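Before any comments, here is the structure.
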Amino acid sequence: MERLTNQEDLMRMANTIRQDIISMLLEAGSGHSAGPLGLADIAAALYFNVLHHNPKKPKDPDRDRLYVSPGHTAPVWYATLARAGYFPVEELQTLLKLGTRLQG
């Protein structure tokens, strides 16, 4: 995964994540938008500039770990993880669907 060190690139990624969130929530027909949209800049900065992780080695014992409690913010983390390469971006459209990995 490529690290984004340029502020403009990070801002573009945050906006892409916001677009993903809106698309996910519209497709799901449900969900909270304010928290996830407000966290997009933080999520982009963490996953694309600060945290040490590799989507090809998700169980690497030396990776950084981020624990987040509020379930209402799940869409921002799903969108960020998809954009970071942990699963296909297309899977975001399964948010809140029966049997999906992407629950709220």
Next item on the list: Run a plain Debye calculation on the chain (Cα atoms as equal point scatterers, no solvent) and give log10 I(q)/I(0) at q = 0.16, 0.20 Å⁻¹, rounded to two decimals, same order as the q list.
Entry: -0.66, -1.03
Notebook entry, point to check: On full extension of the chain, what length is gained from residue 69 through residue 98, given 0.36 nm per residue of separation minus the C-alpha to C-alpha distance?
Noted result: 8.2 nm
Margin query: What FRET efficiency comes out for residue 62 versus residue 91 if R0 is 30 angstrom and r is the Cβ-Cβ distance? Round to the nearest 0.05.
Written below: 0.65
Item checked: Model label zone, residue 9; criterion: amide N under 17 Å from point 7 Å along Cα-to-beta-carbon; scope the range 46-69 -> 46-55
Margin query: Suppose a student asked you for the relative contact order of the chain, using Cα pairs under 8 Å spaced at least 6 residues apart; what percent would you report?
Written below: 33
Note to self: For the chain, take the longest principal axis of its alpha carbons; what is the angle in degrees between that and the long axis of helix 7-28, to the nearest 10 within 0 to 90?
What the structure shows: 20
Next item on the list: Taking only protein heavy atoms into account and a 1.4 Å probe, give the accessible area per residue of the chain in Å².
Entry: 62
Next item on the list: Determine one quarter of the surface area of the Cα convex hull of the range 45-104, which equals its mean projected area, and express it in nm² to one decimal.
Entry: 4.4
Next item on the list: Starting from the Cα of residue 2, move 7 Å in the Cα-to-Cβ direction to define the label point; list residues of the range 68-90 whose amide nitrogen is under 20 Å from there.
Entry: 79-90
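The values are calculated or read from the model by the stated rules, or taken from the named source; none is laboratory data. Only a predicted model underlies this, so the values are computations on that prediction, with no experimental measurement involved. Virtual Cβ from ideal backbone geometry, glycine too; neighbours counted across all protein chains shown. Accessible surface areas use protein heavy atoms only, side chains included; no ligands, DNA or RNA. Shrake-Rupley method; radii C 1.70, N 1.55, O 1.52, S 1.80 Å.
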